Amino acid sequence: MRVAPRPRAFVGVIGPDAGDHLQRMVSNDVLALAPGESCDALLLTAKARVVATLRVLRRAEDDFLVLTEPELGEVVRRELLRTLFAARAEIVLEEHSSRVVLGAPPPPGSLAVPTGDYGLPGHELLDLEPPAGAVELGADELERLRIRAGTPRFGLEIDNRVLPAEAGLVERAVSFQKGCYPGQEPVARLHYRGHPNRALRVLEIDGELPPEPGSPIFLGGKAVGRITSAAAADGAVVALGFVRVEVPEDAALGVGGRTATMVAPARP
């Protein structure tokens, strides 16, 4: 079993209308969750730009806990309050601890959220210390696992230039069966009538020095993408980057004069 801190911000949405309000605001079907279940979701602009990535945990019938990136807690709280109007719900920042636990099930009765973000079976354990004997993972190793799993992170892979489909977020965080929410129309239009021009890919790069974020990815002397995250791993480099969808999966790419190849993401 391996564990690592997972910095988070937490927003509680509590009250008789909590579920209905969240359902109108986020991209996934939170009303389908039973107490104790969770799902990924997005808070989007009307043009489907990502405001925040979320993980929504239903603690009880009228009690939801929204997990987001540390810098986004107040952003999420403010966006949810802005459209609350007469809905009977309290939206507040909460304080919790979160640790990623890989390779072991959560303790019975604990508050835990499953995660596949690191390519291994795992969960985020809230407000509890992990069991004795767990091996601590450093931040660098956790980042390598995230990159190898192809998991996008807000502020790195995800910003106001990126559509959800480009970052692989539609498959994990969007329901096409639920009702309306901000950004639904452009998300659905791209899904049913088009395709993104680029996609987030995992790359292995020769050498030991990670390229800087924003470094161009070349195919035959032509720029076809950019690096977003990179980390040293076992004498080479593993990276995430956006690559044009027409680039063949077995193409020999170049990053900073070094050879790069696209590889399948690690899956739990």
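A short reminder: the numbers here are calculations on the coordinates, not readings from a lab. These figures come from a predicted structure and were not determined experimentally. Neighbour counts are summed over all protein chains in view; Cβ atoms, including those assigned to glycine, are modelled from backbone coordinates with ideal geometry.
At 0.36 nm per residue, and after removing the present C-alpha to C-alpha distance, how many nm does the segment from A188 to E74 gain when stretched out fully?
Value of the extension gain: 38.2 nm.
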Residue separation between A32 and L156 times 0.36 nm, minus their alpha-carbon distance, gives in nm 41.6 nm
What are the radius of gyration and Dmax of the chain, computed over its Cα atoms and given in Å?
19.3, 58
Starting from the coordinates of the alpha-carbon atoms of the stretch 127-176, obtain the Kirkwood hydrodynamic radius over all distinct pairs and give the value in Å to one decimal.
13.4 Å
The set of residues whose placed amide H lies less than 5 Å from the amide H of A149, leaving out same-chain residues fewer than 5 positions away, is A266
Find which of S229, G179, V263 sits farthest along the positive direction of the dipole of the chain, computed with +1 on the beta-carbon of Lys and Arg, -1 on that of Asp and Glu, about the Cα centre.
G179
Using θ = phi - 60° and Karplus 6.51 cos²θ - 1.76 cosθ + 1.60, couplings along the stretch 3-19 (whole Hz; Gly, Pro as x)
9, 7, x, 10, x, 8, 10, 10, 10, x, 10, 9, x, x, 9, 4, x
7 Å from Cα along Cα→Cβ at both E249 and H96: what's the point-to-point distance in nm?
3.6 nm
Which residue fluctuates most in the GNM of the chain (Cα springs below 10 Å): R88, R59, R201?
R88
How far is helix 139-148 tilted, in degrees, relative to the longest principal axis of the Cα atoms in the chain, given as a value from 0 to 90 rounded to the nearest 10?
80 degrees
Under 15 Å by backbone N from the virtual spin label 7 Å along Cα-to-Cβ at A86, the residues of the stretch 1-44 are 17
Helix 73-82 against the longest principal axis of the chain: what's the angle in degrees, Cα atoms only, rounded to the nearest 10?
50 degrees
So what's the net charge close to Y181: Lys and Arg +1, Asp and Glu -1, counting the other residues with Cβ under 11 Å from its Cβ?
0
Given Cα pairs under 8 Å that are at least 6 residues apart, what percent is the relative contact order of the chain?
20 percent
Average projected area of the Cα convex hull of the stretch 2-131, in nm²?
7.8 nm²
Contour minus Cα-Cα span, K222 to R24, at 0.36 nm per residue, comes to 67.0 nm
Please list 3J(HN,Hα) in residue order for the stretch 238-254, calculated via the Karplus relation 6.51 cos²θ - 1.76 cosθ + 1.60 where θ = phi - 60°; whole Hz, with x for glycine and proline.
10, 9, 10, x, 8, 10, 4, 5, 7, 6, x, 5, 9, 5, 8, 9, x
Pull up all non-local amide H partners of R59: gap of 5 or more, or a different chain, and H-to-H distance under 5 Å with H placed in the peptide plane.
G36, F64, L65
Just to confirm a number: summing +1 for Lys and Arg and -1 for Asp and Glu over residues other than L31 whose beta-carbon lies under 12 angstrom from that of L31, what do you get?
-3
What's the long-distance tail for the stretch 193-265, i.e. % of Cα pairs beyond 13 Å?
60 percent
Considering only C-alpha atoms, what is the centroid distance from the stretch 191-211 to the stretch 58-135, in Å?
28 Å
In degrees rounded to 10, the 0-90 angle between helix 184-193 Cα long axis and the longest Cα principal axis of the chain is 40 degrees
Need one number: nm distance between label points at E204 and D63, each 7 Å from Cα along Cα→Cβ, rounded to one decimal.
4.7 nm
